[in-house]
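Working notes for the structure below.
The values are calculated or read from the model by the stated rules, or taken from the named source; none is laboratory data. Only a predicted model underlies this, so the values are computations on that prediction, with no experimental measurement involved. No Cβ is skipped: glycine too gets one built from the backbone with ideal geometry, and neighbour counts run over all protein chains shown. Areas reflect the complete protein model, heavy atoms only, side chains present, ligands, DNA and RNA absent. Shrake-Rupley method; radii C 1.70, N 1.55, O 1.52, S 1.80 Å.
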Amino acid sequence: MAGSGLPSLGRVKLTDLVPTDGLPSDSYKISVSILSQSLAQFSAVIIQFPASDGALLRSGLESARLYFHQRETYPPADIIHTSESREWCKTSGYYADSHLWQETYDYRPGLTPSEPNNSIEFPPAGLPDIFALFGKAARDILDAIGYHLNLRSSPFVEILDNVPLRNREISSSVLSVCCHARPSFQGSQHHSINTQEDSQLIMYPDHDHQVDKSLLSLVKTDRAGLHVRDFQGRWILVDGDLGPQEAIVYPGLALYQATAGYVNPALHKTEINMEANMYGRCSLAFKLLPKSMTSFDCSEMRAAGYGIETQFQLPVSVDDFMQRSHPTDNLFNRPGFQCFNFQPTHDGSMKTLIRRRKQNPKSKPLPPSKRLRLEAQRVLKERVQDIADKKGIKLRFCNLKECESHIHSADSPCANIRMEIGWPLGVPFVHPHDLPNKAKLGFLEAYEPGWTEAHQNSDRLVNPRLTLTESVPLISNIWATYDQVVKV
């Protein structure tokens with residue numbers, strides 16, 4: 001990947017990511033490819049807003065600095081707290097975290113914050129406009145990610161808030177106005193800091209890295225300090241040269257769950273240079289969050305032909321997911337785990353951006369089980385999905401246990417779909433990735449007759465020691481196995 005990847009963090013114009021009816025434009029395809037490649041390599045991307053929006057972002061940061069600067073030297077004890085997972089969709093107003101030396105004002109449409117003495121709190125200026133700007137941008141970026149993954153249009157709309165919110169609805173997404181290390185915030189006795197020799201840079205060793213639980217996070221900062229870990233394990237400063245109309249975007253745990261692990265969440269941390277800084281480091285952080293009453297079921301990924309690993313098979317309540325802790329070791333140390341693979345565009349026209357790895361003719365052939373799995377996924381995308389699209393059928397696969405009884409019944413829930421798309425008799429109507437190897441053979445032969453013989457010929461080319469007398473009984477055994485599957 002390094003040889004064909006981006007030399008630095010990708011930059012994409014938001015206007016180029018806005019979808020339009022009809023065929024995608026060249027600028028859209030190029031922008032989606034840069035977006036996906038940057039997320040694959042660096043877990044982040046720089047989004048460029050229109051120049052007119054730069055003034056709104058600048059005024060928002062200026063308002064944030066003034067808002068925190070005029071607050072008390074050390075806030076009352078009842079608003080000093082850490083984030084509570086059970087209140088993830090109810091935070092609003094001002095609160096402080098002394099361990100992170102961070103103050104936050106959460107703007108959440110539908111909730112009216114108040115001070116501890118029940119007086120109305122005056123927030124930083126411009127938050128409704130910034131919320132609307134970031135919210136629209138986050139949805140456009142999410143749709144671009146769906147396009148890259150070959151999902152249908154607006155694939156995650158069912159787990160997102162209504163636009164606009166309906167009567168008495170409260171936004172799940174939140175805009176957080178943050179201030180790190182304000183010098184007048186006298187909480188140093190409550191947190192641990194690590195000062196380097198020059199006494200300029202402070203870090204937070206107890207919270208050295210974080211993972212957002214959002215679908216996407218958009219962050220605009222007034223000072224450099226945000227680091228994100230790239231796919232090689234290096235920490236990359238991502239906001240060191242942001243323009244006035246630029247913001248950082250990175251994926252969170254909710255998108256990782258919704259895409260069955262195909263989009264990795266960003267691991268990030270904050271470092272602050274305290275030299276000549278009377279306001280601290282201010283930022284505007286928008287988190288696109290799913291609705292609490294929905295669930296992650298990975299149905300869109302299944303419909304697009306992706307294999308779903310065991311840990312993503314069962315639906316997960318959004319509320320339960322957001323309250324649960326997620327150790328990062330399980331996310332980033334998975335063997336062979338690759339997410340957001342940089343794939344060719346749908347028409348293959350952007351050859352200058354894509355370099356395919358040349359196959360080594362002497363490379364070791366794939367194990368039979370893995371080859372079966374990859375071939376089954378290919379046939380699903382190239383054959384079955386095409387048949388379903390032409391007939392206007394949306395594929396909703398059963399799980400293996402339920403379908404054991406379905407395949408023997410003419411009035412089962414999946415009987416009509418199986419008949420319409422020519423699903424092979426005796427093969428459970430489940431995602432081919434989840435079929436037993438014997439059933440995969442039946443599936444492949446049904447949609448690509450002669451597949452077994454063709455691949456047996458390929459094996460003889462790869463392994464010339466496989467003689468004709470050895471290959472004939474092998475083919476016979478495969479067909480015998482297939483016959484047994486059909487009889488069962």
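Observations on the model:
- Summarising the amide proton neighbourhood of Ile236: residues at separation of 5 or more, or on other chains, whose placed amide H is nearer than 5 Å comprise Val228, Arg229, Asp230.
- If R0 equals 51 Å, the separation of the Cβ atoms of Lys401 and Glu453 corresponds to a calculated FRET efficiency of about 0.95.
- Cross-link pairs exceeding 30 Å between alpha carbons, from the set Lys394/Lys440; Lys391/Lys440; Lys136/Lys370; Lys381/Lys401; Lys13/Lys213: Lys136/Lys370.
- Extension gain (nm, one decimal) between Asp140 and Asn167, 0.36 nm per residue minus Cα-Cα: 7.3 nm
- Within segment 26-68: backbone nitrogen closer than 15 Å to the Asp241 label point (7 Å, Cα to C-beta): 46-47
- Full-stretch length increase - Thr328, Gln232 - with 0.36 nm per residue and alpha-carbon distance subtracted: 33.0 nm
- Summarising the label geometry, the points placed 7 Å from Cα in the beta-carbon direction at Ile387 and Ser153 lie 2.8 nm from one another.
- Sparsely packed GluC sites (Glu not before Pro) within segment 226-279, loop by DSSP, other Cβ within 10 Å at most 15: Glu275
- Accessible area per residue, Å², segment 249-324 with all protein chains present, probe 1.4 Å: 32 Å²
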